[in-house]
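Q: Let me give you the structure first, and then I'll get to my questions.
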2 protein chains.
Amino acid sequence: MGKSKLISPHGSNELKILLLEGKQHEEELKKAQKLPKVVMTSRETGDLIMLGIGGFTPLEGFMGHEDWKSVCQNMKMSSGLFWPIPVTLSHDKKLDPGTEVCLISDETQEIMGTMKISESYKIDKEFECKNVFSTNDPEHPGVQMVMHQKEWNLAGPVKVLSESYFPTEFKGIYQRPSESRKIFEERGWKTIAALQLRNPMHRSHEYLAKIAVEVSDGIYIHQLVGKLKPGDIPADVRVKCINTLVENYFVKDRVVTGGYPLDMRYAGPREGLLHAIFRQNFGCTHMIIGRDHAGVGNYYGPFDAQEIFFKLWDGALECKMLPIDWTFWCYKCGGMASMKTCPHGKEDRLFLSGTALRKGLSEGGDIPAEFSRKEVLDILKEYYAGLTEKVEIKMHGHATGDAEIKKK
Amino acid sequence: MGKSKLISPHGSNELKILLLEGKQHEEELKKAQKLPKVVMTSRETGDLIMLGIGGFTPLEGFMGHEDWKSVCQNMKMSSGLFWPIPVTLSHDKKLDPGTEVCLISDETQEIMGTMKISESYKIDKEFECKNVFSTNDPEHPGVQMVMHQKEWNLAGPVKVLSESYFPTEFKGIYQRPSESRKIFEERGWKTIAALQLRNPMHRSHEYLAKIAVEVSDGIYIHQLVGKLKPGDIPADVRVKCINTLVENYFVKDRVVTGGYPLDMRYAGPREGLLHAIFRQNFGCTHMIIGRDHAGVGNYYGPFDAQEIFFKLWDGALECKMLPIDWTFWCYKCGGMASMKTCPHGKEDRLFLSGTALRKGLSEGGDIPAEFSRKEVLDILKEYYAGLTEKVEIKMHGHATGDAEIKKK
């Protein structure tokens, strides 16, 4: 197949790349070392890297007050550009417009970039949370993130100087939009569906991915390699699971795997929309939205993230949703199915709670192959066995029923 | 869900319905009885009924020479309208323009309609066959049909007076485009994929249908209830198989079944295109095209019918192709899969030839459940057992290995 014309990035004919390279990088880094420091959280660092590699095209930096408010309220920038979630940076004091600052990662202390302050402003955090997360509940991990932000938001265009440890720690998985686009072009793909992953890939995820492969040129299995809430399976284990599954159960020519550096916000529907925007920047024409996409707890209805796509105005988003219903193994169907394709009863279907899965895995019990591939389960068993040992050592005794889900 | 706006019929804002009803029907039928008779083959009769119910919208009758030639050569009418296969009526003599004729079914002798002759013309049958079937081989059943046509083609607008035995013999399955559209509207469906069937529905067909259900509002399982080539399974048995499968393995709200009165032409790619046109008239937005669609023998490459859709000019056809690769059960995948989704080897996959299937069915042997659902196999076994008995009686002895595929 020849070269294909891929979907344009969001709101732009080309990727807006803010990551400096070569001599420009060298000079800006030298300059940065003398600038006043602004320390960024993990979420803010991830956002900055996405700005750097063009994942957040066409944004040029952290949002000002007018954009912030309009995004919260109407899911659009003051320019009218569709954007569903604020991309902001907080700080403990205001800074004068025109000030240049050095952006530091609080996790690694590395200089990540610079920003020229255009505006410092205070926000109504409750307003942001109600609009973005549809809740103020302090138990919601995304709400927590916002409530823990510092007093002032700093806005302005950024220059990005590092992708942190992502290119090394997630070598072969971490990918820039220019890289995924290059692969898609080389393969001559036109229609590409993105699968969002933040968990090990079980048969339900495989089913979503394979439906997408059947009806498009290929699938982009795109996993979050940033931070999750405590208790979730860490990125390196997830990467291993996904690679193993892809290796054994996918046609190589039809799949590309990649990782992106964001933290989860757990904003459900609004995050589903953000997922579609940046997948478009990575070159995808379709975004798979399944049950409880980007959700947590019971804050969102299982298909709220699908509903929100239907409510978008014309021209808001070029990347289309590929909505898929609740999926499971059905013993009567003798295969994977969804509520749309399987007419049978609950008693014929295999459902496994996260707790039952963790318990089975850590105790070395059997998880049905209809739920997850053996190769994936082996990796997870090993991981959970390791965790249990750590807990046992810490407890100087036997692990209790739920001890294995606690992390060191 | 509320009423939805369905896809427009092909080349028209509304269905072109040429079937008369009520008083108009009564008067035309009275007139028809006094007109000179033109006897139609089964294929021509099926085409006339499709013209009558709007399945061939926007055609108004049998094609004249200019349209015939342009359709053969360029897949378009002289008006520029996309149309891939000639819809013509042959007769043993020419008739003067302006003559009105009564159209009779050679199968039932029923008056099917009337036509006002606009033109009588001779055709180059070899030219038609080469263009439409890509072959002149007299073994090709579609070529045979054309070569057996009479010397003259009669063109002109038609009035249709009957749907023959289809509404009674295929009660509950035979459907007009206005009927399928009404159901789709009532269900609030917007995206509807059509599955073409001329065989009992095995798991491969079920898999195609279910992929379509996963990615659209619903599936229209649309079976040919006209004539097939000798040796194929007759329509009443197929209908029973399909109904049983749908009853047991589909979600009722996501499927509509229907039947249409055409004979198979076995024109492969070109017939795939015709299938998409009339499915659009029935209200479908997508046409599933799998392996060897509408093919016979080895006349067409397995995916020629997909290729031809990619070559259409912009605006030719509103109904989109949903192309699906070669499908099968894979024991390693533990499910249905296609060449696009299964990376395993031939030895892991279940393939069954038509001959092996017939042999297994007629001898009461086991056909794997991975190939076809038990409920469907039971119906087919009964059918083949009946056939074998007939053959045995005829032969006054034992059925030989292949005897069961011969028909009375």
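The values are calculated or read from the model by the stated rules, or taken from the named source; none is laboratory data. Predicted, not measured: the structure shown is a model, and the values here were computed from it. Ideal geometry is used to build each Cβ from the backbone, glycine not excepted, and the neighbour counts take in all protein chains shown. Each accessible area value is taken on the protein alone, full model and side chains, heavy atoms only, with ligands, DNA and RNA left out. Shrake-Rupley method; radii C 1.70, N 1.55, O 1.52, S 1.80 Å.
Q: Take the cross-link list B:Lys5/B:Lys125; A:Lys210/B:Lys311; A:Lys69/B:Lys320; A:Lys130/A:Lys227 and give me the ones stretching past 31 Å between alpha-carbons. Could the numbers behind the result be given before it?
A: Numbers: B:Lys5/B:Lys125 42 Å; A:Lys210/B:Lys311 26 Å; A:Lys69/B:Lys320 41 Å; A:Lys130/A:Lys227 23 Å.
The pairs that break the limit, which is 31 Å between Cα atoms, are B:Lys5/B:Lys125; A:Lys69/B:Lys320.
Q: Taking a point 7 angstrom from the Cα of B:Asp96 along the C-beta vector, which residues in the stretch B:141-171 have backbone N less than 20 Å away?
A: Correct set: B:152-157.
Q: Using the Karplus curve 6.51 cos²θ - 1.76 cosθ + 1.60 with θ = phi - 60°, work out ³J(HN,Hα) for each residue of the stretch A:369-378 in order, rounded to whole Hz, and write x for Gly and Pro.
A: 4, 6, 8, 8, 5, 3, 4, 6, 4, 4
Q: Using Cα atoms only, what is the angle between the long axis of helix B:22-32 and the major principal axis of chain B, expressed in degrees (0 to 90) to the nearest 10?
A: Around 70 degrees separate the two axes.
Q: Hey, can you rank A:363-369, B:246-252, A:159-165, A:18-24 by average C-beta count inside 10 Å, highest first?
A: Final packing ranking: A:159-165, B:246-252, A:18-24, A:363-369.
Q: Follow-up. For chain B, what does the helix formula give at 222 nm: sum of -39500 (n - 2.57) over DSSP H segments with n ≥ 4, over the residue count, nearest 500 deg cm²/dmol?
A: Dividing the helical sum by the residues of chain B leaves -10500 deg cm²/dmol.
Q: To one decimal in nm, how far is A:Lys94 from the same spot in the other copies, if labels go 7 Å from Cα toward Cβ? Please give the shortest first.
A: Output for A:Lys94: 9.5 nm, nearest copy listed first.
Q: Could I ask something else about it? Take the rotation relating chain A to chain B, measure from its axis to every Cβ in chain A, and name the nearest residue with the distance in whole Å.
A: Of all Cβ atoms in A, the one closest to the rotation axis yields A:Gly335, 2.
Q: How much length is gained on full extension from A:Ser178 to A:Glu151, taking 0.36 nm per residue of separation minus their Cα-Cα distance?
A: Full extension from A:Ser178 to A:Glu151 adds 6.2 nm.
Q: Turning to a different aspect of this structure: Under the rule of at least 5 residues apart or a separate chain, name every residue whose amide H is placed under 5 Å from the amide H of B:Leu89.
A: B:Met63, B:Leu154
Q: Now for a different question. Residue by residue through B:321-334, how many Cβ atoms from other chains fall within 10 Å of the Cβ on average?
A: Details: counts 0, 2, 2, 2, 4, 0, 1, 0, 2, 1, 0, 2, 7, 9.
Counting Cβ atoms of other protein chains within 10 Å of each residue's Cβ and averaging gives 2.
Q: Return, ordered by residue number, the residues of the stretch B:93-117 whose backbone nitrogen is under 17 Å from a label point located 7 Å along Cα→Cβ of B:Lys37.
A: B:93, B:100-115, by backbone N distance to the label point.
Q: Let me ask another. Which distances, shortest first and in nm, link B:Ala369 to the matching position in the other copies, using label points set 7 Å out along Cα to C-beta?
A: Distances to the matching label points in the other copies: 1.6 nm.
Q: Another one. In whole Hz, with x marking every Gly and Pro, tabulate ³J(HN,Hα) for the stretch A:89-100 from phi via Karplus 6.51 cos²θ - 1.76 cosθ + 1.60, θ = phi - 60°.
A: 10, 10, 8, 7, 8, 7, 10, 6, x, x, 5, 9
Q: If you restrict to DSSP beta bridges whose two residues both lie in the stretch A:22-166, what percentage is antiparallel, to the nearest 5?
A: 80 percent
Q: Still on this model: For Cα pairs less than 8 Å apart in space and 6+ apart in sequence, what is the mean separation divided by the residue count of chain B, i.e. the relative contact order in percent? The partial results should precede the final answer.
A: Values: 814 pairs, mean separation 65.8, N = 408.
In percent, rounded to a whole number, it is 16.
Q: With just the Cα atoms defining each centre, how far is the stretch A:348-363 from the stretch A:272-308? Give it in Å.
A: Here the two parts' Cα centres lie 25 Å apart.
Q: Then there is this: Please report the antiparallel percentage of the DSSP beta bridges confined to the protein assembly as shown, to the nearest 5.
A: The antiparallel proportion sits near 50 percent.
Q: Give the distance, in whole Å, between the Cα centre of the stretch A:51-111 and the Cα centre of the stretch A:168-230.
A: 26 Å
Q: Another question, if that's okay. Per residue, how large is the accessible surface of chain A? Use a 1.4 angstrom probe and give square angstrom.
A: 42 Å²
Q: Grab the beta carbon distance between B:Tyr121 and B:Lys240, set R0 = 56 Å, and tell me the FRET efficiency rounded to 0.05.
A: 0.85
Q: Now for a separate question. Rounded to the nearest 10 degrees, what's the angle between the helix A:203-215 long axis and the longest principal axis of chain A, both from Cα atoms, 0 to 90?
A: Helix A:203-215 sits at roughly 70 degrees to that axis.
Q: Work out, in µm²/s and without decimals, the Stokes-Einstein translational diffusion coefficient of the protein assembly as shown at 4 °C, 1.567 mPa s, Rh from Kirkwood over C-alpha pairs.
A: Translational diffusion coefficient: 43 µm²/s.
Q: Continuing with this model, one more query. What FRET efficiency, computed as 1/(1 + (r/R0)^6) with R0 = 35 Å and r the Cβ-Cβ distance, is obtained for B:Met339 and A:Asp348, rounded to the nearest 0.05? Before the final figure, lay out the partial values.
A: Working: r = 29 Å, r/R0 = 0.84.
For R0 = 35 Å, the calculated efficiency reads 0.75.
Q: Something else: Kindly give the distances from B:Gln24 to its copy-mates, label point to label point, with each label point 7 Å from Cα along Cα→Cβ, as nm values to one decimal ordered shortest first.
A: 6.9
Q: How high is the FRET efficiency from B:Asp378 to B:Glu60, r the C-beta distance, R0 41 Å, rounded to 0.05?
A: The value I calculate is 0.35.
Q: Under a Cβ-only charge scheme (Lys and Arg +1, Asp and Glu -1), can you give me the dipole magnitude of the stretch B:22-166 about the Cα centre, in debye to the nearest 20?
A: It works out to roughly 300 debye.
Q: Identify the residues of the stretch A:265-302 with backbone N under 20 Å of a label point that sits 7 angstrom from the Cα of A:Glu169 along the Cα-to-Cβ direction, or state none.
A: Inside the label zone: A:265-266.
Q: Taking a temperature of 25 °C and a viscosity of 0.890 mPa s, what whole-number D in µm²/s does Stokes-Einstein yield for the stretch B:22-166 with Rh from Kirkwood over alpha carbon pairs?
A: D = 158 µm²/s.
Q: Label-point separation (nm) for B:Ser12 and A:Glu186, each offset 7 Å from Cα along Cα-to-Cβ?
A: Label at B:Ser12, label at A:Glu186, 5.1 nm between them.
Q: Any idea of B:Met112's accessible area? Nearest 10 Å², probe 1.4 Å.
A: 0 Å²
Q: List every residue whose amide H lies under 5 Å from the amide H of A:Asn136, counting only residues 5 or more places away in sequence or on a different chain, with H placed 1.01 Å from N in the peptide plane.
A: none
Q: Pairs A:Lys190/A:Lys332; A:Lys374/B:Lys346; B:Lys31/B:Lys122; A:Lys34/A:Lys229: which exceed 30 Å Cα-Cα? Each step should come with its number before you reach the end.
A: On the way: A:Lys190/A:Lys332 36 Å; A:Lys374/B:Lys346 22 Å; B:Lys31/B:Lys122 28 Å; A:Lys34/A:Lys229 35 Å.
Over 30 Å Cα-Cα: A:Lys190/A:Lys332; A:Lys34/A:Lys229.
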